[in-house]
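Input: a single structure, listed below in structure tokens.
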There are 2 protein chains.
Amino acid sequence: MGSLSFRKTLAGYLRTVRAVNCEPEQLMIVSGSQQALEVSARVLFDPGSRVWIEEPSYRLARHVLLGAGCRLVPVPVDQEGLNISAGIKAFHRARGAIVSPSHQFPLGSIMTIARRHQLLEWADHVGSWIIEDDYDSEYRYRAMPVPSLQGMDSHAGVVYIGTFSKTLFPSLRVGYIVIPKDLIDRFVAIRHAMDLFPSQLYQDVLAEFIEAGHYARHVRRTKLLYQERRDILVDSINKEFGGGLEILGTEAGLHLTLKVPQQESDHEIALRAAKQRLWLYPLSSSYFGSPQLQGLILGFGNAPEKDIPGAVERLKRLLSPSRL
Amino acid sequence: MGSLSFRKTLAGYLRTVRAVNCEPEQLMIVSGSQQALEVSARVLFDPGSRVWIEEPSYRLARHVLLGAGCRLVPVPVDQEGLNISAGIKAFHRARGAIVSPSHQFPLGSIMTIARRHQLLEWADHVGSWIIEDDYDSEYRYRAMPVPSLQGMDSHAGVVYIGTFSKTLFPSLRVGYIVIPKDLIDRFVAIRHAMDLFPSQLYQDVLAEFIEAGHYARHVRRTKLLYQERRDILVDSINKEFGGGLEILGTEAGLHLTLKVPQQESDHEIALRAAKQRLWLYPLSSSYFGSPQLQGLILGFGNAPEKDIPGAVERLKRLLSPSRL
């Protein structure tokens, strides 16, 4: 499961900051969100299990489920988050649902309280598992923090997944799972067969880093930094495009999504952009079924403030190649 | 796959020290032998695949295969290693075989050159994959090093697995897979869905540690240390039991196996021993089928020299409780 002292520290942090309902013995330390999903899928689902996924969603989460033999049920996402009614219509008795309610990937919506209650009620009613992927909720820029879905659930039906990849750095490879108490043994068995246990040194260092308050300070500091980068990016987009292109998901996280006209191919734009060393991610790849939107996922976490306006200017030229 | 500079260093080391036939691009860094087995099993086998396992064998390797839905074919091990003829008789067209030829776990035999050729010929003939688990071959005490099976193979049918858990420490969680060139893409796809990539910092440190010669010096130094511990353990056993109990697998590694009379239960001895803070591992747990031998697996890597004679003396009393 990981070092007990680290898990104690982390449990305290999650209770305070994310309103996660957890004891240290429910925390399993893993190598990141991806392993967290992998272990969870293998415990909760069987080959053939139907699982709701957000449409669009994080591509690598789909890979895990497909690898575990699940049958994916894409459920549309709108500005209020996952459309539960559409999910119930698509496949009512699904075995589970994977959601990112704090900041949906890639559209960026924050799931409303009403939708959260609806999702939890559905899961309780049909006996489904919810996997809550809370990959970047530390970075919320305006609204008050929304408590985790796990903390709102009273039926121990939510598996909560978090990572240090966004707040610290991805090559650290440290993430965690908050496991419902009656599933701990099954998670341990599957994980033990997979890679035994997590590396020790990082856990010791992180425990000290959090305990001493450095982590909270680091998150506060980087939040201001990322907020500034987001503001510059939004301003630059509005300046270049005169508000002609819709921007989605600016209230949290380290990316936003820029809708492009349906006649454009986001894949082609991304390829043209890559030739100019502009790294964009096409929105259409996030769809399991046929893409409903064309758009560009723009990460700003790693973009120096001074480079952003020029990058958006170059992007504008890419979107309208006829003007070149 | 891991850091390229680490993989270059490691490939050079494996070519020189283990006669492994590998280029850096064939090396995938993983979190240890267990993840190496997990990734390999998922790439090479399907649910229902028949796979030869050593009987007795490493219990956690069996867990990986069972988790991947494989059907295990136990193949007996003798003093020359895996009995290939018995395997062919049991299930000729198996999809693969997992072996520990450098130092069989738990019986400690070193696979003879004749058996190695026989195994490679069988695998080539039926198109099977061999997974070579080379978990502790750095510690060989008498005989000349035997080259790896992978290095003897001319048909790219061997997946070679190694780890730093024995030579450095298990909580480091660093191991590696040498992948046949035409399977690299499949290994990458499976591993990427599992946990993306390995942590960076340890790789950088290890690359420097190996390049500067510290690792080779460390292995030489610890080999002398473990050899001394093994000698004291063997002497103490012979002194206490007057040669009455057979000792298996003393030529390599960090454990030996002590056969106990068939009327004794190695599980019960291990339980009685644990109450006296003597940690033994019962041999019978290593069998997939019904145990052919009762015995005790004694690890000596972590036993201070001065404690060994007293521990063996206590063990003797446990083996003969009527005399207490």
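The values are calculated or read from the model by the stated rules, or taken from the named source; none is laboratory data. Here the structure is a predicted model, which means the values were calculated and not measured. No Cβ is skipped: glycine too gets one built from the backbone with ideal geometry, and neighbour counts run over all protein chains shown. Each accessible area value is taken on the protein alone, full model and side chains, heavy atoms only, with ligands, DNA and RNA left out. Shrake-Rupley method; radii C 1.70, N 1.55, O 1.52, S 1.80 Å.
Of note:
- Other copies of A:HIS214: label-to-label distances in nm, shortest first, labels 7 Å along the beta-carbon direction: 2.0
- Accessible surface area normalised per residue over chain A is 42 Å², counting heavy atoms of protein chains with a 1.4 Å rolling probe.
- For a label point 7 Å along the Cα-to-beta-carbon line of B:HIS267, residues of region B:42-66 with backbone N under 20 Å: B:55-63
- Residue-averaged beta-carbon neighbours from other chains (10 angstrom radius) around B:29-41: 3
- Charge dipole of region B:221-276 (Cα centre as origin; +1 on each Lys and Arg Cβ, -1 on each Asp and Glu Cβ, all else neutral): 260 debye, rounded to the nearest 20.
- Derived scalar couplings ³J(HN,Hα) [region B:59-70; Karplus, 6.51 cos²θ - 1.76 cosθ + 1.60; whole Hz; x for Gly, Pro]: 4, 6, 5, 4, 4, 4, 5, 5, x, 8, x, 6
- Shape of region A:76-190, Cα gyration tensor, a/c cut at 1.5: oblate
- For region B:205-319, the Cα gyration tensor yields ellipsoid semi-axes of 30, 17, 13 Å (square root of five times each eigenvalue, largest first, whole Å).
- For the protein assembly as shown, carbon and sulfur atoms together expose 54% of the accessible surface, with a 1.4 angstrom probe and every protein chain in place.
- Centre-to-centre, using Cα atoms only, region A:267-310 and region A:34-91 are separated by 24 Å.
- Each label was represented as a point 7 Å from its Cα along the Cα-to-Cβ direction; for B:HIS92 and A:ARG93 these points are 4.7 nm apart.
- Cut-off 13 Å between beta-carbons: net charge of the residues surrounding A:LYS259, Lys and Arg +1, Asp and Glu -1: -3
- For the protein assembly as shown, adding -39500 (n - 2.57) for each run of n ≥ 4 DSSP H residues and dividing by the number of residues yields -13000 deg cm²/dmol at 222 nm.
- Placing a label point 7 Å from the Cα of A:ALA19 along the Cα-to-Cβ direction, the distances to the matching points in the other copies come to 6.6 nm, shortest first.
- Modelled FRET efficiency - R0 41 Å, B:ASP204 with A:ASN238, Cβ distances, 0.05 increments: 0.45
- Percent antiparallel among DSSP beta bridges (both partners in chain B, rounded to 5): 55
- Report note on the peptides A:14-26, A:100-112: ranked by the mean count of other C-beta atoms within 10 Å, highest first, their order is A:100-112, A:14-26.
- Contact surface B-A: accessible area buried, both sides summed, square angstrom, 1.4 angstrom probe: 2000
- Label 7 Å beyond Cα on the Cβ vector: A:ALA274 copy-to-copy distances, nm: 5.3
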